[in-house]
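The values are calculated or read from the model by the stated rules, or taken from the named source; none is laboratory data. What you see is a predicted model, and the numbers here were worked out from it, not measured in a lab. Virtual Cβ from ideal backbone geometry, glycine too; neighbours counted across all protein chains shown.
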Amino acid sequence: MGCSVVQDILPTCVECPLEDTRQSLAPPEADSLTETGRPRLCEAFARNFLFPMLTVSQVVRGTIQEDDWTRFDSYARRVKEFVYRGQIPVDPSVYFYIAQSRTSPLLPTLYRFRSSSSAPSIPDILLFLSSSLRRVEFVTSDRLQEPTIEEFLSVLTSIAPSLKHLDIDGQLSTVSLTSIAYMEHLCSLRLWRTGDYVDAILLKQLGALDRLSCLTIDLAHSLVSKADTSHLRGGFKALETLDISGDLRTITGILTEISTDRLISISMSSWDSLIFGPHHYCPRDWVPLFEIVESRWPDTLRSLVIDDRGRYPNFEDYDDYWGLLTIFKPLCSLSQLEYLEIRDILYLQPTHEDFRDLVSAWPNIKSLCIPFTYAHNSTTLLALHSVAELCPHLQYLQMSVRTENLPSFSVTPVFSHGLEILSFGNSAVGDPLLVARHLDRLFPRLQSIEARRFSNEWREVERLVHMCQDVRVHAWEQITGGERV
């Protein structure tokens, strides 16, 4: 019948040569089964779970006996993850036969199902799913085929009523997406590259999911406008993490209306709307949104990502620059902030005073990314002084700093700061040794220096910083008689 016999595969496995005899035979951390369209279950188990480093090419065929199922079940109950690619079609009679022979799911303790196929076969999938399923992911570069996915989502609520995580990356119609509203136990939902099928009615239905705490949603091509967001009032009560992409005005409306009072993480990407037309942004357009964030979640927000992909006037024609506090002052109220990343907000004119006022508002900050893009809006070395003084928990910093014409390193205070990674974006390098001496006094535990431009020059600075660290350790050992720092 073209189906692999599930027999004791250990003798078959150990007779097959190792691809690399130096690699360990230890099983991987996550138990995994990869389905390639043909039900080669023995091969899949051996290759992906029992002996991941072995090449298994022998597939025994024949009639499936009762003890074959017994042996299969002993392996199947250990599989937690099932990856479906749907590359080779399987005769439907195979699944009909298995369905007649089995009254229980093939993988009774399955936790995670992933599909990279745009048109998965429902008979292929359903036999493997069970009520233990908690996470489902559809990720493909193609448009997901309907009604296949619609049928799958509609039966998923009955097969896995306790499903907690759903990830759909690809276009689906509104009708198909409506099934998600009936997944009452859903805690995490990701809808990405869904085109224009996410409308205000669907958003309202999603807002009624009482346990939904994490939402990632792409509204870049959506028909939802700021006026439509009033339907969300009272929804998303349990939301703690929001990752949203779309028109800046629509995002502002959504943050105004959602009812959660404990938002911990927000990631926002603004795009020109293909529906409502391009919008010529200026940095001040973000201020109303920042004021909403400040007024609603000043004590709960820990992470904030701002990605501005909107259309700006031509750089050469623009001479109106904005101070940091003019734009970001509302964020100074977020005293519990630990992670801040600001991407691609142009036409900022930072001063050391503004930068110091900003970082002094975030004593708990651990990761800070403000990559001022152009040389005219880079900060000075004094900004790094402020970080070393005011942000004791910072481990990662990305910003642009002018390093030409630096004073003697002796004017830089000595700190014991624990910063590990420093990224300079587009910053040029002045005197590499002088820059290294300054950085070593500010951040004596610095491990890595990154840069988008002038990477060779910054690698030399990193080498010199490590040399300074070695000299300091050696001097300390001479003083203490060999005791390490």
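Before moving on, here are some points about what is shown:
This table checks each residue for (1) closer than 19 Å to I370 by Cα; (2) in contact (Cβ under 8 Å) with a residue 12 or more places away in the chain; (3) among the aromatic types (F, W, Y).
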site: P407; (1), (2), (3): no, no, no
site: I421; (1), (2), (3): yes, yes, no
site: F424; (1), (2), (3): yes, yes, yes
site: R441; (1), (2), (3): no, yes, no
site: Q447; (1), (2), (3): no, yes, no
site: G481; (1), (2), (3): no, no, no
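- Test: residue in segment 442-455 that is polar (S, T, N, Q), outside any helix (DSSP H, G or I) and in the same structural domain as S367 (by TED's automatic domain parsing): yes
- Filter result (among the basic types (K, R), out of contact with any Ser or Thr (no Cβ under 7 Å at 6 or more places or on another chain) and over 16 Å from E404 (Cβ atoms)) within segment 430-485: R445, R452, R459, R463, R472, R484
- Condition met for D169 (buried (at least 17 other Cβ atoms within 10 Å of the Cβ), out of contact with any helix residue (DSSP H, G or I) (no Cβ under 6 Å at 6 or more places or on another chain), of a type in the set (D, E, K, R) and modelled with pLDDT under 80): no
- On inspection, S188 passes the criterion of being touching a residue at least 12 places away in the same chain (Cβ under 8 Å) and under 22 Å from S267 (Cβ atoms).
- Test for L239: is it in contact with a helix residue (DSSP H, G or I) (Cβ under 8 Å, 6 or more places away or on another chain) and buried (at least 20 other Cβ atoms within 10 Å of the Cβ): no
- Options T63, T70: the member that is polar (S, T, N, Q) and at pLDDT 75 or above: T70
- So G195, is it in contact with a His (Cβ under 7 Å, 6 or more places away or on another chain), at pLDDT below 95 and not in a helix (DSSP H, G or I): yes
- Set I251, I292, I258: member being at pLDDT 90 or above, under 14 Å from K226 (Cβ atoms) and in contact with a Gly (Cβ under 9 Å, 6 or more places away or on another chain): I258
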